[in-house]
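See below for the structure under consideration.
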Amino acid sequence: MLELVIISTLNGVLYGMLLFLMASGLTLIFSMMGVLNFAHASFYMLGAFFGYQISKFTGFWVGLVAAPIVVGGIGALVERYGLRNVHRHGHVPELLFTFGLAYVIEEVVQMVWGKLPVDYRVPAVLDFPAFTVFGTNYPAYKLFMLVISVAIFIALLAVLTRTRVGLIIQAALTHPNMVAMLGHDVPKVFMLVFGVGTGLAAVAGVIAGPALVTQANMAGLLGPILFVVVVVGGLGSLTGAFAASLLIGLVQTFAISLDVSVASVLQSVGIDAAPSGGVLGDLWNVTIAQIGPIIPYLLLVLVLIARPTGLLGNREA
């Protein structure tokens with residue numbers, strides 16, 4: 001049991017921090033522009049594929065730096081020449097634009113790299129066990145992913161709360177006209193924030209690609225859970241996204257590792273009251289591991305009922 005708790009905690013924190021790397025960019029974009037970017041997970045996928053392609057010629061570390069810059073530049077161009085023109089027409093056209101953009105990016109990735117997974121490997125310098133827990137080796141690369149995620153959270157929080165740039169970004173959120181009158185180019189600030197947000201998603205893709213499977217449908221696998229994180233944490237709240245990422249990562253990891261059902265719990269205490277068959281009989285024997293993937297969505301429903309603004313949300317719409 002102790003081994004299960006320790007390993008599941010490590011994996012849950014790691015998964016949660018990976019979710020935060022993606023959610024931080026989306027939260028930054030929403031807090032600044034009020035835009036829920038449905039294509040955000042597609043930029044995460046682009047980061048993974050660009051990182052893979054660059055690493056084939058120059059190595060993993062160059063890809064780790066270059067891929068987010070390239071994807072961030074693409075994101076800035078999308079905001080400047082696409083989203084900015086749509087923004088004036090309201091939120092529904094924005095959602096439709098980003099929804100369509102996600103499909104375009106997925107099709108382009110399939111055309112260039114195909115539908116099969118690519119051979120994106122962990123760099124040799126990090127391909128060793130960092131430590132051993134109860135006979136289980138914990139990879140150094142996963143520890144590296146965790147350190148990068150925590151460092152980005154601290155850096156983002158410091159920039160947004162302790163620097164002049166952060167003050168301008170926060171002021172542009174609530175008083176864009178006043179910021180413009182003070183001489184700041186608010187549309188350019190929006191463009192840079194969108195670029196940084198998509199670049200953060202690309203960082204997540206570059207470091208997650210070797211650990212997970214890098215393939216053309218990877219955006220669809222993490223995209224839905226990403227919006228659960230943002231809504232549960234509170235739209236526009238960076239600390240809320242951090243808390244929700246850890247919460248969902250731990251809950252889902254522990255749920256998947258628990259092969260326990262209502263029937264097994266009752267049998268362990270000497271009670272055999274399972275229904276004889278039918279739908280109730282099947283539900284009686286469903287394990288927590290089987291419903292693990294839907295638990296975050298159940299949590300989303302409960303949070304929206306109890307606190308529609310999210311755990312740490314500070315914005316009503």
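The values are calculated or read from the model by the stated rules, or taken from the named source; none is laboratory data. As the structure is a computational prediction, the values presented were derived from the model and not from experiment. When we count neighbours, we look across all protein chains shown, and the Cβ atoms used for this are built from the backbone with ideal geometry, even at glycine. Areas reflect the complete protein model, heavy atoms only, side chains present, ligands, DNA and RNA absent. Shrake-Rupley method; radii C 1.70, N 1.55, O 1.52, S 1.80 Å.
Each of (i) 19.4, 60; (ii) 19.9, 66; (iii) 21.3, 74 is a candidate for Rg and Dmax of the Cα atoms in Å; the one calculated from this structure is (iii). Here is what passes the span test in the chain: the DSSP H helices with alpha carbon length of 30 Å or more along the helix axis and a Kyte-Doolittle mean of 1.6 or above are 2-33, 140-162, 186-208. Taking a straight line from the alpha carbon of Lys188, not one of the lysines sits under 23 Å away once near neighbours fewer than eight places off in the same chain are left out. Extension gain for the segment Arg162 to Phe134, taken as residue separation times 0.36 nm less the Cα-Cα distance, is 5.9 nm to one decimal. Here's how it looks for Leu311: its modeled amide H is under 5 Å from those of Gly233, Gly234, which are all 5 or more places away or on a different chain.
The amide H of Ala130, built 1.01 Å from its N in the peptide plane, has Tyr138, Ala140 as neighbours under 5 Å, considering only residues 5 or more places off or on other chains. The slack in the chain from Ile294 to Ala155, taken as 0.36 nm per residue of separation less the alpha-carbon distance, amounts to 46.8 nm. Starting from the Cα gyration tensor of region 1-79, take the square roots of the eigenvalues, sort them a ≥ b ≥ c, and report rounded, prolate or oblate (rounded when a/c is under 1.5, otherwise prolate if a/b is larger than b/c, else oblate). It comes out oblate by the Cα gyration axes. Charged neighbours of Leu46, selected by a Cβ distance under 14 Å, balance to -2 (K, R count +1; D, E count -1). For region 38-110, give the percent of accessible area contributed by carbon and sulfur heavy atoms, probe 1.4 Å, rounded to a whole number. The C+S portion of the solvent-accessible surface of region 38-110 is 71 percent. Just the accessible area per residue of the chain, please: how many Å² with a 1.4 Å probe? Per residue, the chain has an accessible area of 50 Å².
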